[in-house]
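The values are calculated or read from the model by the stated rules, or taken from the named source; none is laboratory data. On a predicted model such as this, the values are computed, not experimentally measured, just so you know. Backbone-built Cβ (ideal geometry, glycine too); neighbour counts: all protein chains shown. Remember, those area values only see protein heavy atoms, side chains included, never the ligands or the DNA or RNA. Shrake-Rupley method; radii C 1.70, N 1.55, O 1.52, S 1.80 Å.
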Amino acid sequence: QLQLAETGGGLVQAGGSRRLSCAAFGRTASRLAMGWCRPPPGRERELVSAISRSGGNTYYADSVKGRFTISRDNVQNTVYLQMNSLNPEDTAVYYCAAHSSISDVIIREYDYWGQGTQVTVSS
């Protein structure tokens, strides 16, 4: 019964910025660790960024560290991924994911997934 609604994908030039949003709806929406994942072409899915249920801990893949920022608004049960200095290697379908959490720790495996939003970065 938990649903994740994603917005923000689109086409952007290299060096540009984009912000993704993911709103969670359901009885456990306020107790979720969340993350953003992408499946690069020809490769397995990777965890791009993650945030603990209260926002006290964050994780970034080495490839996006310093360029992406994850944040959340627990009143609105929404997580954001601010993407700056985008390059063509960032092109992918980005999926919002969630997992129930009993503490403020990073979770890397998820039970719930959004539909995905396409981000295409042109050179």
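Estimated from the Cβ-Cβ distance and a Förster radius of 22 angstrom, the FRET efficiency linking Ile102 and Lys65 is about 0.20.
For the stretch 27-111, the equivalent ellipsoid built from the Cα gyration tensor has semi-axes of 22, 14, 11 Å, listed from largest to smallest. Positive end of the dipole of the chain (Cβ unit charges, origin at the Cα centre): among Gly10, Val48, Ile70, the Cα lying farthest that way belongs to Ile70.
Let me have the relative contact order for the stretch 48-88, percent, based on Cα pairs under 8 Å that are six or more residues apart.
Once divided by the residue count of the stretch 48-88, the mean separation gives 30 percent.
Among the cysteines of the chain, those whose beta-carbon sits 4.7 Å or more from every other cysteine beta-carbon are Cys37.
Taking the Cα centre of the stretch 1-94 as origin and assigning +1 to Lys and Arg Cβ atoms and -1 to Asp and Glu Cβ atoms, the resulting dipole is close to 260 debye. In the context of the full set of protein chains, the chain has a per residue accessible area of 53 Å² (1.4 Å probe). Shown for the chain: the carbon plus sulfur share of the solvent-accessible area, taken with all protein chains present and a 1.4 angstrom probe, equals 44%. Modelled label positions at Ser122 and Asn87, each set 7 Å beyond Cα in the direction of Cβ, lie 2.0 nm from each other. Need one word for the stretch 1-46: rounded, prolate or oblate. Basis is the Cα gyration tensor (sqrt eigenvalues a ≥ b ≥ c); a/c below 1.5 gives rounded, then a/b vs b/c decides. Taking the square roots of the gyration eigenvalues as a ≥ b ≥ c, the stretch 1-46 is oblate.
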